[in-house]
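Below: the structure, in structure tokens.
The values are calculated or read from the model by the stated rules, or taken from the named source; none is laboratory data. Treat the numbers as computed from the prediction; the structure is a model and nothing was measured. Cβ coordinates were reconstructed from backbone atoms using ideal geometry, including for glycine residues, and neighbour counts include every protein chain displayed. Areas reflect the complete protein model, heavy atoms only, side chains present, ligands, DNA and RNA absent. Shrake-Rupley method; radii C 1.70, N 1.55, O 1.52, S 1.80 Å.
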Amino acid sequence: MVEFIYTEDPNKRYHTWNYALRKQFGGKIFKVPLDGGFDCPNRDGTVAKGGCTFCSVSGSGDMIVAPSEPLPIQFQKEVHMMHKKWPQVNQYIVYFQNFTNTHAPVEVIRHRFEQVVNERGVVGISVGTRPDCLPDDVVEYLAELNQRYYLWIELGLQTTYEHTSNTINRAHDYQTYLNGVAKLRKHNIRVCTHLINGLPGESLEMMRENVRRTILDSDIQGIKLHLLHLMTNTRMLRDYHEGRLQLMTRNDYVNVICDQLEMIPPEIVIHRLTGDAPTDALVGPMWSLKKWEVLNAIDNEMKRRLCQCDLRPIGNDSPRDRDPSFNWRCTDRCFSRANVEP
């Protein structure tokens, strides 16, 4: 059996983030999470109030070491902590992680970004944001950064279903997401889309459909698939207590992730398959705290699904020209990209 070409780990059957970085830079890279001091338009009243119902008070930045410090100090403290485990790493991607990091006038964004992008060893920048916070002047600045650094824009979509989007108070629609991707791709900016599995009211089939739509409808280069973490002090806690939210089992999560991976063209980078949550704030699922067990279960299930039958890719030469839900399926409906050249 020929190994899948987009990973150096023989256990993986998808295009790993680690592989993409090693191919780009020749070695291990730290992604350094920072709190840029931004807010969200669905928190501050610009388009809504209260924020996404799943979001913690830190805006999904719970694991940032020193969020209240000036940006250069945050950077230095994060790097110092990471060097305790990997002292040899000397290249870094600055990651503006929490809240909406383009929700400000472009002069403010430029001032904050430029405080850290010139720190020693910085080779790239990753910006977490929303598709409704990409005005033309901000996109032009991002295009400038794209010429200077290895840039990724991480767009929070979470779901393609309008009803779910309204339920979680996203306050933007799917078309806004598509428009945002198109604006960024006009400047050849890499886009990584965030989706959440386990949102209120979404079935396993709807979770699969979220990935199918995203791959078919938007020209993205990466994707993050998250498990919904139910956190204390979030509005979603009420949905849980009133029976509108059921937490995913590990078995369901592993299987739906593998179904989603089967749909994704092999050149798209998988930035993440599960996330981290602080133990003291997590209501559930508690099995998610054993992150490596979850990732190993995904690897094992992907390998289990492999077969040695005759694979017949369908359609034209480009994966984008095919329905990704049938990209690399064999005649027995099992899956293997490992035996197929992309």
Would you work out what percent of the accessible area of the stretch 212-252, with all protein chains in place, is carbon or sulfur (probe 1.4 Å)? 40 percent
Using a cut-off of 23 Å between alpha-carbon atoms, which lysines can reach residue 290, once sequence neighbours fewer than 8 places away in the same chain are excluded? 12, 31, 84, 85, 224, 303
Approximate spin-label separation residue 18-residue 85, in nm, with each point projected 7 Å along Cα-to-Cβ: 1.1 nm
At R0 = 25 Å, FRET efficiency that the Cβ-Cβ distance of residue 291 and residue 204 yields, to 0.05: 0.70
So which trypsin sites (Lys or Arg not before Pro) in the stretch 103-159 end up in coil per DSSP with only 11 or fewer other C-beta atoms within 10 Å? 120
Sum of -39500 (n - 2.57) over DSSP H runs of 4+, divided by residues of the chain (222 nm, nearest 500): -10000 deg cm²/dmol
Can you pull out the trypsin sites (Lys or Arg not before Pro) in the stretch 47-109 whose DSSP state is coil and whose Cβ has at most 14 other Cβ atoms within 10 Å? 84, 85
Set the Förster distance to 22 Å, then compute FRET efficiency between residue 272 and residue 216 from the Cβ-Cβ distance, nearest 0.05. 0.55
What are the principal axis extents of the Cα atoms in the chain, in Å, biggest first? 56, 50, 40
GluC sites (Glu not before Pro), loop per DSSP, at most 15 other Cβ atoms within 10 Å - longest free stretch of the chain: 120-241
